[in-house]
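Notes follow the structure.
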Amino acid sequence: MSTHLTDDLPTYEDVVAASHRLAGHAHRTPVLSSRLVDEQLGARVVFKCENLQRAGAFKFRGAFHALSRFTPEQRRAGVVAFSSGNHAQAVSLAASLLGIPATIVMPYDAPAAKVAATKAYGGEVVGYDRYTEDRLAIGQELARSRGLTLLPPYDHPDIIAGQGTAAKELFEEVGTLDALFVPVGGAGLLSGSTLAARALSPGCRVHGVEPAAGDDVRRSLQEGRIVRIDTPETLADGAQTQFMGELPFRILAPEPPEILTATDAELVAEMRTFATYLKLVVEPTGCLGLAGVRGIADRLRGRRIGVIVSGGNIDLPRYADLLGQR
Ligand SMILES: *Cc1c(COP(=O)(O)O)cnc(C)c1O
């Protein structure tokens, strides 16, 4: 069942429009690099640091953009969203900035820091069991009973256009790239980034990177249909999706990007890379892009590579625990 409101696929023009609506509200996040990481990988790598975005992830871009397009009636009634965390925080913060009431459906086992932040930003949190309950059904029931507008995390044109603004900023800052590596859950970020790459750096190869525990996006693009899987068990809680979005699928399918995968151990190794060389706190899901680069580094020698560092929200005890493991 699709959750988007219109059949129109977003285009690069929508990404540009989103960037205007986000100006002065979303951070223009820094682009960092490390000479030592470049030496390790044998390539020139630039990191777009969305872990430093408001609410700690790129999801603020899509959420603020989509909410800023609500009608006055939608704004008054409020928004409902379902999320393992970062979309929840993003909707909660963006809604409160825009004066819109927000209800957030979150799994009981979502990281405590993400639940606490969602509440702190002003959203009302409703819990569910991610392994047995259907969050879409819960969200739709809340939408119906309370007259709220359901804002999905990736399968929505305004969300995709908003997410594409991070890659747009990256290309504007560093010029064209040989390849861009993007973490993938439902593929909102990947499809938005692809719109930006096709317009601003046509020769750039876009790579999606998803958790090895659930390579449904790779399979979907290979098989030409949206493949559904059980919720993958992975440290990458921002990419534990069971199936990619229909709009992202339709944007990507005509020229499918190469999809890579990364194991939990590879993600933890890259959390250490970010802490050690870039002094950045990056959550496991945010490490997917760099893990993807390292996985095919032999094919990237001497190239100019972009990596979207998608988020930095992680409980500190968990962060310390993972960094300390050997
Ligand atoms: C949501 C999220 C992703 C995946 O984004 P999709 O648009 O669902 O593919 C990647 N990284 C982080 C940190 C996220 O919060």
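The values are calculated or read from the model by the stated rules, or taken from the named source; none is laboratory data. Quantities reported herein were computed from a predicted structural model and do not represent experimental measurements. Quick reminder, even Gly has a Cβ in these numbers, built from the backbone with ideal geometry, and neighbours come from all protein chains shown.
Do we have any residue at all in region 61-71 that's within 29 Å of Asp129 (Cβ to Cβ), at pLDDT below 95, of a type outside the set (D, E, K, R) and under 15 Å from the mean Cα position of the chain (by Cα)? Give the steps one after another, and end with the answer.
Looking only at region 61-71, we keep the residues that are within 29 Å of Asp129 (Cβ to Cβ), and these are 62-63, 66-67.
Restricting the remaining residues to those that are at pLDDT below 95 gives none.
No, region 61-71 contains no residue that is within 29 Å of Asp129 (Cβ to Cβ), at pLDDT below 95, of a type outside the set (D, E, K, R) and under 15 Å from the mean Cα position of the chain (by Cα).
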(message) Which residue is farthest from Ser34 (Cα to Cα), if the candidates are limited to region 275-313 and must be in a strand (DSSP E or B) and either under 13 Å from the mean Cα position of the chain (by Cα) or within 12 Å of the ligand (Cβ to nearest atom) (or both)?
(response) Gly311
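For region 164-189, which positions are in contact with a His (Cβ under 9 Å, 6 or more places away or on another chain) and either near the ligand (Cβ under 10 Å from one of its atoms) or not hydrophobic (A, V, I, L, M, F, W, C) (or both)? Walk me through how you get there before you give the answer.
So the first thing to find is which residues in region 164-189 are in contact with a His (Cβ under 9 Å, 6 or more places away or on another chain), and the list is 165, 179-182, 188.
Thr165, Val182, Gly188 - these are the residues of region 164-189 that are in contact with a His (Cβ under 9 Å, 6 or more places away or on another chain) and either near the ligand (Cβ under 10 Å from one of its atoms) or not hydrophobic (A, V, I, L, M, F, W, C) (or both).
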(request) Find the helices (runs of 4 or more DSSP H) located wholly in region 34-105 whose residues include 2 or more that are of a type in the set (A, V, I, L, M), and list them. (result) 35-41, 59-68, 86-98
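Residue by residue through region 217-240, note down the ones that are within 22 Å of Val309 (Cβ to Cβ), outside any loop (DSSP other than H, G, I, E, B) and out of contact with any helix residue (DSSP H, G or I) (no Cβ under 6 Å at 6 or more places or on another chain).
From region 217-240, those within 22 Å of Val309 (Cβ to Cβ) are 217-218, 232, 234-240; that's our starting set.
Imposing the further condition that a residue be outside any loop (DSSP other than H, G, I, E, B) reduces the set to 217-218, 237-239.
Within region 217-240, Val217, Arg218, Asp237 qualify.
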(message) Suppose we filter Phe181, Phe243 for residues that are in contact (Cβ under 8 Å) with a residue 12 or more places away in the chain, among the aromatic types (Phe, Trp, Tyr) and not in a loop (DSSP other than H, G, I, E, B); which single one remains?
(response) Phe181
(request) Take the residues in region 314-326 that are in a helix (DSSP H, G or I) and in contact with a helix residue (DSSP H, G or I) (Cβ under 8 Å, 6 or more places away or on another chain), then tell me which one is farthest from Val209 (Cα to Cα). (result) Leu316
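Got at least one residue in region 252-261 being β-branched (Val, Ile, Thr), modelled with pLDDT of 95 or more, part of a loop (DSSP other than H, G, I, E, B) and more than 12 Å from the ligand (Cβ to nearest atom)? Reasoning before the result, please.
First, pick out the residues of region 252-261 that are β-branched (Val, Ile, Thr): 259, 261.
Filter once more, keeping what is modelled with pLDDT of 95 or more: 259, 261.
If we keep only those that are part of a loop (DSSP other than H, G, I, E, B) too, we end up with none.
No, that holds for no residue.
Determine whether Ala143 is at pLDDT 95 or above, more than 16 Å from the ligand (Cβ to nearest atom) and either surrounded by 17 or more Cβ atoms within 10 Å (Cβ to Cβ) or part of a loop (DSSP other than H, G, I, E, B) (or both).
On the way: at pLDDT 95 or above: no; more than 16 Å from the ligand (Cβ to nearest atom): yes; either surrounded by 17 or more Cβ atoms within 10 Å (Cβ to Cβ) or part of a loop (DSSP other than H, G, I, E, B) (or both): yes.
When the stated conditions are applied, Ala143 does not pass them.
So is Val15 part of a strand (DSSP E or B) and buried (at least 19 other Cβ atoms within 10 Å of the Cβ) or not?
No; evaluated as a whole, the condition is false for this residue.
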(request) Considering only region 114-135, state which residues are under 23 Å from Pro317 (Cα atoms), among the small types (Gly, Ala, Ser) and surrounded by fewer than 20 Cβ atoms within 10 Å (Cβ to Cβ). (result) Ala116, Ala120, Gly127
(message) Which pairs turn up if I take residues in region 87-113 that are on the phi > 0 side of the Ramachandran plot and look for partners that are modelled with pLDDT of 95 or more and assigned to a helix (DSSP H, G or I) with beta carbon separation below 9 Å, at least 6 apart in sequence or on another chain?
(response) Gly99/Arg75
(request) Would you tally the residues in region 254-298 being among the small types (Gly, Ala, Ser) and touching a Gly at 6+ places or on another chain (Cβ under 7 Å)? (result) 3
(message) Which condition from (1) surrounded by fewer than 22 Cβ atoms within 10 Å (Cβ to Cβ); (2) within 16 Å of the ligand (Cβ to nearest atom) is the one that Phe47 breaks?
(response) (1)
